[in-house]
Every structure is written in structure tokens, then in C-alpha cells.
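Contents: one structure, followed by commentary.
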Amino acid sequence: MRNLLNFILFFYAALFLTGCSPLGILNATVSSDGYTSVLNQAYGKKTRQSLDVHIPNNVSDNADVVIFYYGGRWQYGSKEQYKFVADAFTSKGIIVVLPDYRLYPDVDWRDFIKDGAGAYQWVFENIGKYHGNPKRIFVMGHSAGAHISAMVSLDESLLDKKIRRPCGFMGLAGPYDFLPIRDADVIRVFSSAGDLKNTQPITFINKNDPAMLLMHGRDDVSVKVGNTTRVEKRVKQIGGTVNTKLYDDVDHIDLLISLSSTFRHISPVLDDSVAFMKKTNCN
């Protein structure tokens, strides 16, 4: 127990104080023996427009697929930091795709959302080569990544008409309805938006949206839980499909690291996600 506590304290210190990569520590605790990786597949011509595909060794034909968009305040992060996410879902026989996307200030806010859609389109068109089912692609993200994956799921203008929309959306502590923006760095990220409502996933909700699983820790002070509960309310008002999981004694980072084998006891994020995927019918 003391070693676990020390690890947690180190994790938080590294994340918030030193700029080191605590996610690298989590990655060091998992093995890639159970899956094969196809790395750096380009979904566009720009730097950072690439993705990794992780295929379970025991994959079945027409397997379910999860595209996981990482967070980082739309300003930092890389797909290499999320090996523990690949380990989690491939252990359940699910193909995992980890895309990079361009970041502010190198690009405008519209660009990282377009990158999210571009990565999705690549997966839709190519995942059959890796035994994945293009009719059963689920998009998932944490924090800023949940914002991007929500926009890909909800804003129909982002995808070509010939591209089937995601089978389902799974959001971890997502900022879906965060106006007015108060943090100075986030204000800068979205400063070029003429109408800030167009930056909010909640704006695009309609009854034909993919089924949603919204997960949030009740102790989250980084992204307030109201982002999730307001989306839940809106979806239910229009007759959409939404399932919400609010976890006691779980904060913003707890929710993410619950996907790792080391901290899976913190909350049942993985089990809840897999159960949601299994019960979601996308025929």
C-alpha cells in the first residue's frame, strides 16, 4: 500500500510540477506481448497527422475498434504516451487506434478538430485491413481529447457524407459545455472563433447522434462534472441514447489512469466501456 501511495504521489508531482512524463511510467508497467502494433500511419500530409494501430494477437474478424484521442489542453501530448490504453482494450480483443493531431499554437482550433475527423476517416476506410469492423468504430477521449472525439461524433459537417458516423462515443471528463471560458491559455486556444458556441460539443447534439457513454469523476476540479450532466440532460430531452457514469472519490487524472492495469481498481472505466460497446447495436 505504501509503494502504491508513493507511486501516486510521484505521478502527480511529475505531471503537475516537473514536466516529466508520468504516463511513461505507466507504460513501463504494461507489456505489448498481447498485441501487434502498426505505427505511424499517415492520415494527412502534415506533421503530427499520423496514427498507430494496435491489433490484439487473438483478434477476430470484424472486431470492435476504439479510436482514443488523448488530452492535454489542446496544446500538448503524443500518442506514444498512451501505450497503457492500447494494452487495456486489446486485452479485451478490441483494436485500438491512437492518433496524434496538430496542436495550438501551431494551428487554429478548427484544425485539431479537423485532424480528429481525418483520423476517423482513415480508420473507417482502412481498418478492415487489420480485421476491424468499420461499422463498429467507437471514438473515445479524455479531457481535450474527449472534446475532439465528441465533435467528431456530433458535428456532422466534419465527415464526408460517404463516411459512416461512429458507432458510439465514450467520453472521459470531457469539456462539452464550458462557456464562459475562464483560463487564459484556453481563451487563447479558441480566440479566433467568431461564435464560441461553435466550439462546444453540446451545440451539435441531435436525436440521431451515436449512443454515448459519459464518464466523469465527482472530484474533478479541472473539468467540472456539469459538462457531463448538462450533455446527459440535453440528450435525454431530445430522445437520444446516453449512459452516464459518475465515480465517487475520482478526479480528473484518476479517471484516465484507471485504464492502466496498475490503477484499474480506482474506477471501472475499462469494464464500463467494454460493456457499453458490447450492448451498442450499430447495424
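The values are calculated or read from the model by the stated rules, or taken from the named source; none is laboratory data. Just so it is clear, the structure is predicted and the values come from calculations on it, not from any experiment. As a convention, Cβ positions derive from the backbone with ideal geometry for all residues, glycine included, and neighbour counts pool all protein chains shown.
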Yes or no: G116 over 26 Å from I25 (Cα atoms), crowded, with 24+ Cβ neighbours inside 10 Å and without any contact (Cβ under 8 Å) to a residue 60 or more places away in the chain? yes
Name the pairs whose Cβ atoms lie under 6 Å apart, with the first residue in segment 235-257 and more than 14 Å from G174 (Cβ to Cβ), the second of a type in the set (S, T, Y) and buried (at least 21 other Cβ atoms within 10 Å of the Cβ), and 6 or more positions between them or separate chains? Y247/S267; V250/S267
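Listed here are the residues, each with its yes/no results for (1) assigned to a loop (DSSP other than H, G, I, E, B); (2) at pLDDT 95 or above; (3) out of contact with any Gly (no Cβ under 9 Å at 6 or more places or on another chain).
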{"residue": "V221", "(1), (2), (3)": "yes, yes, yes"}
{"residue": "E232", "(1), (2), (3)": "no, yes, yes"}
{"residue": "K236", "(1), (2), (3)": "no, yes, yes"}
{"residue": "V250", "(1), (2), (3)": "yes, yes, no"}
{"residue": "L256", "(1), (2), (3)": "no, yes, no"}
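State whether one or more residues within segment 145-163 are in contact (Cβ under 8 Å) with a residue 24 or more places away in the chain, of a type outside the set (F, W, Y) and within 18 Å of Y247 (Cα to Cα). Lay out the reasoning, then the answer.
Let us first name the residues in segment 145-163 that are in contact (Cβ under 8 Å) with a residue 24 or more places away in the chain, namely 145-156, 158-160, 163.
Still in the running and of a type outside the set (F, W, Y): 145-156, 158-160, 163.
Keeping just the survivors that are within 18 Å of Y247 (Cα to Cα) gives 146.
Yes, there is a match, as at least one residue in segment 145-163 is in contact (Cβ under 8 Å) with a residue 24 or more places away in the chain, of a type outside the set (F, W, Y) and within 18 Å of Y247 (Cα to Cα).
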Of the residues F124, F138, only one is outside any strand (DSSP E or B) and either crowded, with 22+ Cβ neighbours inside 10 Å or at pLDDT below 95 (or both); which? F124
In segment 105-134, residues that are farther than 25 Å from N58 by Cα and either among the aliphatic types (A, V, I, L, M) or touching a strand residue (DSSP E or B) at 6+ places or on another chain (Cβ under 8 Å) (or both) total 5
